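Below: the structure, in structure tokens.
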Amino acid sequence: MDLKNKTALVTGGTQGIGAAIALQLSREGANICVVSRNESDTTIKEQIECVGGKCLMLTADLCEEAACKSVVDQTAEHFGSVDILVHCAGAAAPGSICGDARSVWYQAFDIHVHAVLHLSSAVYPYMQKKKYGTIILIGSSAGLRGVKNAMAYSVAKGALPQFARSLAYEFSSTNIRVNCISPGVIRTRFQDYLTPEQVQNNIDNRIPLRREGKPEDVAEVACMLAKNEFITGENIVVDGGMTMRIA
């Protein structure tokens, strides 16, 4: 599928994986709406415009159902349609079930899972009308295996592959495809809490390809899923082989 003049709404698109996806889709000719929690960082808009693309920036708290519908409607009003939805917005949710995890549990599900429900519901009428669309959810390898002191985050991210599979069935009759990408250790600001020793341990002992991933590694897969019209209901792991390890 040629992405020229298609419209992509990318949440969490001002930095890291989201920004890389927005820029890659723009290079393929798509119009981009980037949604972020605040409007302080406009770097991605400048980057998109530098490659000749069009970019609309919106701010919203996607934990709110009304905000999810609003950004979809504003995108459609500005560009005429919403053909691609990429939900990359998220936040860390550290904590143990015996400690403070319950205080962040609902927040984790609001941004990682409930936002998908609200955004998908809002975008469906626009995609249904055209009998075309693709939804890409950004999960995490943390959702495929247990992670210590990150229960809420892991469980919320673990819900996304199943969300994609179920929604893919539900939307298949209208030619709307739904997939999930589960990145591993990707070098973004999200990983800044790691010490140099932890980074080296990941490279030496956890990642078979012996390097951290780059946001562009995930963006290339997202672009492929946006273009390929015969993939739906899948979860593609982009982690350098980390989750395939037996020991």
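Each value in this text was obtained by applying a stated rule to the coordinates, not by laboratory testing. Treat the numbers as computed from the prediction; the structure is a model and nothing was measured. Cβ atoms come from the backbone with ideal geometry, glycine included; neighbour counts cover every protein chain shown.
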For Val238, the residues 5 or more places away or on another chain with a placed amide H closer than 5 Å to its own amide H are Ser182, Gly184
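What 222 nm value per residue comes from the helices of the chain, counting each DSSP H run with n ≥ 4 as -39,500 (n - 2.57) and dividing by all residues, nearest 500 deg cm²/dmol?
Helices in the chain give a 222 nm mean residue ellipticity of -12500 deg cm²/dmol.
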Ordered by number, the trypsin sites (Lys or Arg not before Pro) in the range 2-48 that occupy a DSSP loop and have at most 14 other Cβ atoms within 10 Å are Lys4
Residues whose built amide H sits under 5 Å from the amide H of Ala150, excluding neighbours closer than 5 in sequence, are Gly95
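What full-extension length gain, to one decimal in nm, is calculated for Met1 and Thr174 as 0.36 nm per residue of separation minus the Cα-Cα distance?
60.6 nm
What is the order of Tyr132, Tyr126, fewest Cβ neighbours within 10 Å to most?
Working: Tyr132 18, Tyr126 21.
With the fewest neighbours first, Tyr132, Tyr126 line up as Tyr132, Tyr126.
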Counting sequence-distant residues (5 or more places) and residues on other chains, those with an amide H built under 5 Å from that of Asn31 are Asn5, Lys6, Thr7, Ala8
Note, the range 70-82: 3J(HN,Hα) by Karplus (6.51, -1.76, 1.60, θ = phi - 60°), whole Hz, Gly/Pro = x, goes 5, 5, 5, 5, 5, 5, 5, 5, 6, 9, x, 6, 9
Of the range 199-238, those with amide N under 16 Å from the point 7 Å along the Cα→Cβ vector of Arg27 are 214-227
Sequence order, the range 131-139: Karplus ³J(HN,Hα) from phi using 6.51 cos²θ - 1.76 cosθ + 1.60, θ = phi - 60°, Hz rounded, Gly and Pro as x, gives 6, 7, x, 9, 10, 10, 9, 9, x
Note, the range 219-234: 3J(HN,Hα) by Karplus (6.51, -1.76, 1.60, θ = phi - 60°), whole Hz, Gly/Pro = x, goes 4, 4, 5, 4, 5, 4, 5, 5, 8, 7, 8, 10, 10, 8, x, 9
With a 22 Å threshold on alpha-carbon distance, the violating pairs from Lys6/Lys131; Lys131/Lys157; Lys4/Lys130; Lys6/Lys130 are Lys131/Lys157
Under a Gaussian network model of the chain whose springs join Cα atoms within less than 10 Å, the largest fluctuation of Asp61, Asp73, Asp204 belongs to Asp204
With +1 on the Cβ of every Lys and Arg and -1 on the Cβ of every Asp and Glu, the dipole magnitude of the range 7-244 about its Cα centre, in debye rounded to the nearest 20, is 460
In the range 3-50, the GluC sites (Glu not before Pro) that sit in a DSSP loop and have at most 11 other Cβ atoms within 10 Å of their own Cβ are Glu39
Between Asp204 and Cys50, the two model label points (7 Å from Cα along the beta-carbon direction) sit apart by a distance in nm of 3.7
